[in-house]
1. Quick one: which of Lys122, Lys144 is at pLDDT 90 or above, on the phi < 0 side of the Ramachandran plot, under 15 Å from the mean Cα position of the chain (by Cα) and open to solvent by 70 Å² or more (accessible area, probe 1.4 Å)?
2. What pairs come up if the first residue lies in region 131-156 and is assigned to a helix (DSSP H, G or I), the second is of a type in the set (D, E, K, R) and buried (at least 19 other Cβ atoms within 10 Å of the Cβ), and their beta carbons are under 7 Å apart, counting only those six or more places apart or on different chains?
3. State the number of residues belonging to region 32-48 that are aliphatic (A, V, I, L, M) and under 23 Å from Ala109 (Cα atoms).
4. If you scan region 55-86, which residues turn out to be among the polar types (S, T, N, Q) and within 19 Å of Gly100 (Cα to Cα)?
5. Which residues, taken from region 54-112, are among the β-branched types (Val, Ile, Thr), crowded, with 20+ Cβ neighbours inside 10 Å and more than 17 Å from Leu28 (Cβ to Cβ)?
6. For region 26-46, check the following and say yes or no: at least one residue is without any contact (Cβ under 8 Å) to a residue 40 or more places away in the chain, part of a loop (DSSP other than H, G, I, E, B) and surrounded by fewer than 18 Cβ atoms within 10 Å (Cβ to Cβ).
7. Hey, among Ala170, Ala130, which residue is open to solvent by less than 20 Å² (accessible area, probe 1.4 Å) and modelled with pLDDT under 85?
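The values are calculated or read from the model by the stated rules, or taken from the named source; none is laboratory data. A quick note: this is a predicted structure, and the numbers were derived from the prediction, not measured. Using ideal geometry, Cβ is built from the backbone for each residue, glycine included, and neighbour counts are taken over all protein chains shown. Surface accessibility is based on the protein's heavy atoms, side chains included, excluding ligands, DNA and RNA. Shrake-Rupley method; radii C 1.70, N 1.55, O 1.52, S 1.80 Å.
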Amino acid sequence: MTCAKLFQGIPCQHSNGTIGSLVNLSKLSEVGAALNQNGVRTEMFWVGRGPMIGCLGCGACCKTKRCFYDKDSVNGFLDKAGQFDGFVFGSPVHFATISGTMKFFMGRAFFNTLHDNPFQGKIAATVVSARRSGTTSALDQLNKYPVHRGMPLASYQYWPKTMPPSDHSAGTMDGSSSRTFGLQRSAPCPARSS
């Protein structure tokens, strides 16, 4: 069975935070439901509520294959990353960028895989959520991590960005399009050459 990790860049499972966080959780859940409907097992992952530090560039992970800082969720995520065939990374937009927690997490998780890459060749999709603006620059920032690790990015008919229902305008993912996005991502992939 194919399985996908839905990665939520908000601090907790039941966010009482920003509108962007709530919309992002909702859209990832819709994508997950569509993937499940098509036989793809999904698992939601949250970055966690505790303090998150950015990559210090110390190089310890090059020797140990783990980040020296083990007080957050990065190493736990990397321990399970090899079990998944694809990833959907989602983040709320804060000041036209991905959330600070998400940036620190992605920086450490993806730098840590520099020499032992569990992501190579696995499908990645990204989605960002905002109250109003900043989605395109945040999406560009979020896309850089999977591309740098050799992950093909799943495309869609427009930018995978979401906004609250009252703010849907042309080019945002409403409920039906996020479900379609999930169904399209779960279609059989062409065989990878060895």
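1. Values: Lys122 fails: open to solvent by 70 Å² or more (accessible area, probe 1.4 Å).
Result: Lys144 is the single residue among Lys122, Lys144 that is at pLDDT 90 or above, on the phi < 0 side of the Ramachandran plot, under 15 Å from the mean Cα position of the chain (by Cα) and open to solvent by 70 Å² or more (accessible area, probe 1.4 Å).
2. Thr135/Lys161; Leu139/Lys161
3. Residues meeting the conditions: 2.
4. First pass over region 55-86, keeping only residues among the polar types (S, T, N, Q): 64, 73, 75, 83.
Scanning region 55-86 gives Ser73, Asn75.
5. Looking only at region 54-112, we keep the residues that are among the β-branched types (Val, Ile, Thr), and these are 64, 74, 88, 93, 97-98, 101.
Filter once more, keeping what is crowded, with 20+ Cβ neighbours inside 10 Å: 74, 88, 93, 98, 101.
Hit for region 54-112 is Val74, nothing else.
6. Scanning region 26-46, I find no residue that is without any contact (Cβ under 8 Å) to a residue 40 or more places away in the chain, part of a loop (DSSP other than H, G, I, E, B) and surrounded by fewer than 18 Cβ atoms within 10 Å (Cβ to Cβ), so the answer is no.
7. Every option except Ala130 fails the conditions.
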